[in-house]
1. Filter segment 15-31 down to the residues that are closer than 19 Å to Trp57 by Cβ and without any contact (Cβ under 8 Å) to a residue 60 or more places away in the chain and list them by number.
2. Please go through segment 27-81 and pick out each residue that is among the basic types (Lys, Arg) and touching a Leu at 6+ places or on another chain (Cβ under 7 Å).
3. Residues that are in contact (Cβ under 8 Å) with a residue 40 or more places away in the chain and of a type in the set (Ser, Thr, Tyr): does segment 62-69 have at least one?
4. When the residues of segment 92-118 are narrowed to those that are surrounded by fewer than 20 Cβ atoms within 10 Å (Cβ to Cβ) and either in a strand (DSSP E or B) or of a type in the set (Phe, Trp, Tyr) (or both), which ends up farthest from the chain's Cα centre (by Cα)?
5. So which of Leu180, Leu200, Leu185 is of a type outside the set (Phe, Trp, Tyr), over 25 Å from Glu105 (Cβ atoms), at pLDDT below 95 and within 14 Å of the chain's Cα centre (by Cα)?
6. Can you tell me which residue is nearest to the chain's Cα centre (by Cα) among those in segment 65-91 that are within 15 Å of Leu158 (Cα to Cα) and surrounded by fewer than 22 Cβ atoms within 10 Å (Cβ to Cβ)?
7. Which condition from (1) touching a helix residue (DSSP H, G or I) at 6+ places or on another chain (Cβ under 8 Å); (2) crowded, with 23+ Cβ neighbours inside 10 Å is the one that Glu126 breaks?
8. With Ala33, Ala83, Ala70 as the choices, which residue is out of contact with any helix residue (DSSP H, G or I) (no Cβ under 8 Å at 6 or more places or on another chain), assigned to a strand (DSSP E or B), among the aliphatic types (A, V, I, L, M) and closer than 21 Å to Gly194 by Cα?
Amino acid sequence: MIGIVFATEAEAAPFIARGDFQAVAAAPVQVLASPRSPHRVAISGMGKVSAALATQWLIKEYGPGRVVHAGICGALGDPRNFAPGDILRITSASEGRPGPGIPTEAVACAGDLWPELRPATLVTVERPVFDDALRAELLRYGELVDMEGAIVARVAHLHGVPCSIIKGVSDHAGCQDRSLLKSRLPAISADIAGILWRELIRHASA
């Protein structure tokens, strides 16, 4: 069984619709299951604390053999290398500048899923990035930025569970991109859902 963590219902919606997932029980996070799939989906809510709680709950309650985190992100790297709509496989995830409660080392992500996707590194932050100066600083730690991925990976790592992350680029995390994120989210989430389902089917038959 694979535990799949999305931050928001909008990011999860296309995946859930394909598998007929329904809420299974009252819990600290929204957890869904499907009669057509052995997997569990958690919708954590945005941010590090929510991501940690959802991942911990999935692992403790359902014992997945792998955790997958999926959703949108901003691109920090050269805009010529990362276009909105690109879907990427994360190789490592960092929480940025080390400090109290923020480890120095990034977490390595399992790389055996989605071998056809281009690899990239991820940095996870507390708040959305729409500031060009912060964007430049964060580029030292990752090519893409989100608010959950590194935490999902770190909690899974602490429990000895492999974690894979797939991310779709919604914008370039700049001060002019705030309105673009929401408009691009449905199409990117649908693309991620298709890739996820193809990989889950392949993984089940391997």
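1. Within segment 15-31, Ile16, Phe21, Gln22, Ala23, Val24, Ala25, Ala26, Ala27, Pro28, Val29, Gln30, Val31 qualify.
2. Once the filter is applied, which keeps residues that are among the basic types (Lys, Arg) and touching a Leu at 6+ places or on another chain (Cβ under 7 Å), segment 27-81 yields only Arg40.
3. yes
4. Gly99
5. Leu185
6. Arg66
7. For Glu126, the failing item is (2).
8. Values: Ala83 fails: assigned to a strand (DSSP E or B); Ala70 fails: out of contact with any helix residue (DSSP H, G or I) (no Cβ under 8 Å at 6 or more places or on another chain).
Result: Ala33 is the single residue among Ala33, Ala83, Ala70 that is out of contact with any helix residue (DSSP H, G or I) (no Cβ under 8 Å at 6 or more places or on another chain), assigned to a strand (DSSP E or B), among the aliphatic types (A, V, I, L, M) and closer than 21 Å to Gly194 by Cα.
The values are calculated or read from the model by the stated rules, or taken from the named source; none is laboratory data. None of the values given here were measured: they were computed from a predicted structure. Glycine gets a Cβ as well: all are built from the backbone with ideal geometry, and neighbour counts include every protein chain shown.
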